[in-house]
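Below: one structure, written as structure tokens.
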Amino acid sequence: MLWDVFCRVIDNFGDIGVCWRLSADLANRGHSVRLWVDDASALEWMAPEPLRPPGIQVLDWDAKDQEPGDIVIEAFGCNPPDAFVARMQRPAPPVWINLEYLSAENWVERCHGLRSPVMSGPGAGLSKWFFYPGFTQATGGLLRETDLMAARQAWEADHHRHRDRWLSSMLGISAPSPDTRWLSLFCYEPAPVEAMLEALATSGQPTLVLVTPGFATALSRQWQAANPLASTLTLHELPPLSQREFDHLLWACDLNMVRGEDSAVRALWAGQPHIWHIYPQDDGVHAGKLEAFMDRWMSGWPDDLAADVRALWLSWNGLKPASTMDFEPLSRVLHDPRWAASSRASRQRLAEIPDLVTQLCGFVLNGR
Ligand code: TRH
């Protein structure tokens, strides 16, 4: 089948990140994909040519004279170009899917799979179908490539050897002492990075922090400039990694700080302890989304562990009444093996839900 995936890059890397993973997953399952995007620049590092599966064509948003394929995916309500939509008017129009943002809130189950007739414009008379990713059986599930969990398990079976090798081959640095804890840092600007680094530095345990480009690098540089002699904390600035190597980063680290949508999902599949910086929205609705996700992810965890991890997540997101980051819970849970064990248990629950591409194909072929 031929899929047309439309992506507008609003800000950051999440829109293109999700659309690329979706396109690559479809292509790896034998589909042909045209990815229409208004700014493909991030793909140069996120999905460099040698890592691109055959079967995906990246097209400029305004590319002309292309007949629509069998399925049109409009990511995040991005409104495909009028001329393209007009061409969808044919006796057997393509299936038109609006792929929505990810949320753990209950209403997602009610809206997933709904049809919306298009009343005006070049698509008048056609219908769009709302497809919601999610965390329950009654949603569209999460992107999870067919070989992902097996690859992750192979890494986990020999974790230390894999991560040491990854560090030297990818970043050209040798493995730190075995008692070193590894952290990855990917966040938005308001994250209390300096307070966090301060707490890690004073904990006494050697710590390697792998810092992604952008806000995380800027914030950690500020801290380092003010603390040039902090000896137990090593900050290593990363180049932009391909999505595949970004996954490996999350597999390698004992604690992952992730953000937005796609990296947050990849942290779930990594199954290591993580803290999520949710995309902050002006109207504050992200607070409810964060609560909904914490409820699902930490369901079944020991009460004391869940309370500590929740407190950390709220602090990291600036959603605790106290404005400063409270690191007391961090010092407790960092050494608590139940955090990793509980994360794995939650991951297992999610892995039992059919993945998004499997569900999408089922929906398009026979599920509507
Ligand atoms: O970049 P983000 O903050 O994207 C956000 C969110 O998706 C948000 O919900 C959306 O509204 C907004 O964009 C427009 O975070 P996210 O979703 O994790 O996307 C980052 C992508 O970048 C993800 O696919 C992983 C990838 N990435 C790499 O491949 N290599 C890297 O080195 C890094 C740091 C990220």
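The values are calculated or read from the model by the stated rules, or taken from the named source; none is laboratory data. The structure presented is a predicted model; accordingly, all values stated were derived computationally and were not measured. Note that each Cβ is placed from the backbone with ideal geometry, even for glycine, and that neighbours are counted across all protein chains shown. Heads up: the accessible areas ignore ligands, DNA and RNA and are worked out on the full protein's heavy atoms, side chains in. Shrake-Rupley method; radii C 1.70, N 1.55, O 1.52, S 1.80 Å.
Structural remarks
- Candidate set from the stretch 319-368 (those that are β-branched (Val, Ile, Thr) and part of a helix (DSSP H, G or I)); member that is most open to solvent (accessible area, probe 1.4 Å): Thr358
- Candidate set: the stretch 116-155, residues that are in a loop (DSSP other than H, G, I, E, B) and among the hydrophobic types (A, V, I, L, M, F, W, C); chosen: the one surrounded by the fewest Cβ atoms within 10 Å (Cβ to Cβ): Met119
- In the set (1) out of contact with any Phe, Trp or Tyr (no Cβ under 6 Å at 6 or more places or on another chain); (2) over 21 Å from Ile97 (Cβ atoms); (3) open to solvent by less than 60 Å² (accessible area, probe 1.4 Å), the condition left unmet by Ala47 is number (1).
- Selection count where residues are open to solvent by 40 Å² or more (accessible area, probe 1.4 Å), within 16 Å of the ligand (Cβ to nearest atom) and in contact with a helix residue (DSSP H, G or I) (Cβ under 8 Å, 6 or more places away or on another chain), scope the stretch 178-201: 1
- When Ala63 is tested against (1) open to solvent by less than 30 Å² (accessible area, probe 1.4 Å); (2) more than 19 Å from the chain's Cα centre (by Cα), just one condition goes unmet, and that condition is (1).
- Listed by position, the strands (runs of 3 or more DSSP E) inside the stretch 1-65 whose residues that are hydroxyl-bearing (Ser, Thr, Tyr) number at least 1 are 32-37.
- Condition check for Ala307: closer than 21 Å to Pro354 by Cα and either in the same structural domain as Gln153 (by TED's automatic domain parsing) or assigned to a helix (DSSP H, G or I) (or both): no
- Close pairs (7 angstrom Cβ cut-off, 6 or more residues apart or separate chains): assigned by TED's automatic domain parsing to the domain that holds Leu22 in the stretch 48-61, of a type in the set (D, E, K, R) anywhere: Leu51/Arg244; Gln57/Arg34; Leu59/Arg34; Trp61/Asp38
- The residues listed here are Ala63, Ala138, Ala104, Ala75; of these, the one that is at pLDDT below 95 and within 30 Å of Ser263 (Cα to Cα) is Ala63.
- Members of the stretch 78-118 that are within 16 Å of Gln359 (Cβ to Cβ) and within 16 Å of the ligand (Cβ to nearest atom): Asn98, Leu99, Glu100, Leu102, Val108
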